[in-house]
Amino acid sequence: MNAIIISGSTIAGKFREELKQRVKTLTETWMQPGLAVILVGDNPASRVYVRNKAKTCDELGIRSEVFSFPGDISQKALLQQIQDLNANTEIHGILVQLPLPGHIHIDEIIAAIAIEKDVDGFHPCNVGALAAGHALFHPCTPFGVMKMLAEFNIPLQGQHAVVVGRSNIVGKPMALMLLEKGATVTVCTSRTRDLASHTRNADIIVMATGKVNLLTGDMVKPGATVIDVGINRLPDGRLCGDVEFSGVKEKAGYITPVPGGVGPMTIVMLMNNTIEAAERARATAQAVARQSSMQ
């Protein structure tokens with residue numbers, strides 16, 4: 001068996017065309033959607049991610065503003081910047097690029113973002129709403145994974161899904177979103193005893209640990225769908241995921257590559273959330289205008 005490759009780059013390209021039209025409609029009938037990205041410090045990977053997000057905004061017609069701060073910025077100053085952006089009616093989405101320096105209390109920073117502008121889906125109220133099944137915004141990476149599964153009509157209801165990784169960014173919301181679609185979900189970590197005993201029984205495996213080649217071919221049952229969220233850099237500079245690709249693709253039915261798999265979908269889902277935030281803001285403004293005209 002040779003797995004079908006789920007190309008996130010190809011799927012993201014299709015979504016981009018739809019998003020461009022939504023941006024065009026908003027810009028022509030109301031205002032240009034706006035995304036603000038807050039970058040703290042000089043983390044090279046973070047700068048690359050922010051640059052890629054800004055580039056995608058430009059391609060889609062979304063207004064993008066990057067607010068860069070030195071690594072020693074105070075908690076108070078960072079919170080003030082977020083409050084200013086919350087009040088800015090031309091900004092519809094706010095993203096704080098993680099990680100943040102150790103002296104910054106991340107939970108307090110995320111909670112300060114207005115819920116209706118939390119396009120990353122990390123605000124505690126949005127996390128709670130996700131658990132209840134009615135999130136305002138879905139976290140971008142697991143949201144992208146769900147779109148990839150839907151694109152290939154991979155069944156979820158009644159299927160056994162194993163999520164390896166328990167982060168707030170991927171693992172936990174991924175498990176909730178799969179559960180919402182009727183999958184039977186097992187959550188493991190890189191330290192789970194006898195991890196293979198779980199993954200060998202899985203119809204769908206989502207790897208999100210940051211451990212190179214943690215999932216090997218002997219850990220996958222024939223025909224399983226394998227989604228690799230991991231991004232790791234090898235000593236020679238090449239990127240790879242958490243899945244030993246060459247071995248697993250001989251057993252799996254579907255598999256995502258690294259790079260070119262989940263990564264492009266994450267950025268596109270961020271754009272989708274930003275546009276959705278702008279569309280909701282327009283609907284609210286129109287409702288207020290109608291109410292005012294009736295008085």
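Read the figures in this text as sums done on the coordinates, not as results from a lab. None of these values were measured; they are calculated from a predicted model. Methodologically, a virtual Cβ is constructed for each residue, glycine included, from the backbone with ideal geometry; neighbour enumeration extends over all protein chains shown.
Applying 1/(1 + (r/R0)^6) with r as the Cβ-Cβ distance of R238 and K55 and R0 = 25 angstrom yields a FRET efficiency of 0.65.
Which distance in nm do the two modelled labels at R200 and E65 give, with both placed 7 Å along the Cα-to-Cβ direction? Those two pseudo-labels are separated by 5.6 nm.
Explain nothing, just the number: dipole magnitude of segment 46-100 about its Cα centre with +1 on each Lys and Arg Cβ and -1 on each Asp and Glu Cβ, in debye rounded to the nearest 20.
Using Cβ point charges on Lys, Arg, Asp and Glu, segment 46-100 gives about 180 debye.
Normalised by 2.2 N^0.38 Å, with N the number of residues, the alpha-carbon radius of gyration of the chain equals 1.04.
Considering only I109, I73, I82, the mean-square fluctuation computed in a Gaussian network model of the chain, springs between alpha carbons under 10 angstrom, is largest for I73.
Between the amide H of T225 and those of I204, I205, G253, Y254, distances stay under 5 Å, these residues lying 5 or more places away or on another chain, with hydrogens modeled in the peptide plane. Of all the options E28, E250, E279, the one that moves most in a Gaussian network model of the chain with Cα springs shorter than 10 angstrom is E28.
Specify which residue in the list I204, V229, P264 is farthest towards the positive end of the charge dipole of segment 193-292, using unit charges on the beta carbon of Lys, Arg (+1) and Asp, Glu (-1), about the Cα centre. Towards the positive end, the residue furthest out is P264. Close amide H contacts of I38 (hydrogens built in the peptide plane, cut-off under 5 Å, sequence separation of 5 or more or a different chain): F67, L95, V96, Q97.
Helix 140-151 and the long axis of the chain differ in direction by around 60°, with both axes built from C-alpha atoms. Mean-square fluctuation check for the chain, GNM, Cα pairs under 10 Å: which of V96, V212, V268 is largest? For the chain, modelled as a Gaussian network with Cα springs under 10 Å, the answer is V212.
Tell me, M146, M207 in order of fewest to most beta-carbon neighbours within 10 Å?
Values: M146 20, M207 29.
The fewest-first ordering by Cβ neighbours comes to M146, M207.
Considering only A111, L130, T56, and ranking their Cα positions along the charge dipole of segment 1-136 that arises from unit charges at the beta-carbon of Lys, Arg, Asp and Glu, the one farthest toward the positive end is T56. Here T56, T256 are placed in order of increasing Cβ neighbour count within 10 Å, fewest first, which gives T56, T256.
Placing unit charges on each Cβ (+1 for Lys and Arg, -1 for Asp and Glu) gives segment 31-118 a dipole about its Cα centre, and among L39, G93, S74 the Cα reaching farthest toward its positive end belongs to L39. Phi angles across segment 252-265 convert, under the Karplus curve 6.51 cos²θ - 1.76 cosθ + 1.60 with θ = phi - 60°, into 3J(HN,Hα) values of 6, x, 9, 8, 9, x, 9, x, x, x, 6, x, x, 6 Hz, Gly and Pro given as x. Charged side chains reduced to their Cβ positions (Lys and Arg at +1, Asp and Glu at -1) give segment 140-263 a dipole of some 240 debye around its Cα centre. A cut-off of 5 Å between modelled amide H atoms, ignoring neighbours fewer than 5 places along the same chain, links G121 with no other residue.
Rounded to 0.05, the FRET efficiency of the A287 and S246 pair, given R0 = 35 Å and the Cβ-Cβ distance, is 0.05.
Note on segment 31-118: Cα-only Rg and Dmax are 12.6, 37 Å. Each Lys or Arg adds one and each Asp or Glu subtracts one; over the other residues with Cβ under 13 Å from the Cβ of T27, this totals +2. Each Lys or Arg adds one and each Asp or Glu subtracts one; over the other residues with Cβ under 13 Å from the Cβ of G93, this totals -3. Along its first, second and third principal axes, ordered by size, segment 49-97 spans 34, 25, 10 Å in Cα coordinates. Net charge dipole, the chain: roughly 340 debye, given to the nearest 20, about the Cα centre with Cβ charges of +1 for Lys and Arg and -1 for Asp and Glu.
Sparsely packed loop sites in segment 109-157 (the chymotrypsin sites (Phe, Trp or Tyr not before Pro) outside DSSP H, G, I, E and B with at most 16 other Cβ atoms within 10 Å) comprise F152.
Each Lys or Arg adds one and each Asp or Glu subtracts one; over the other residues with Cβ under 13 Å from the Cβ of C57, this totals +3.
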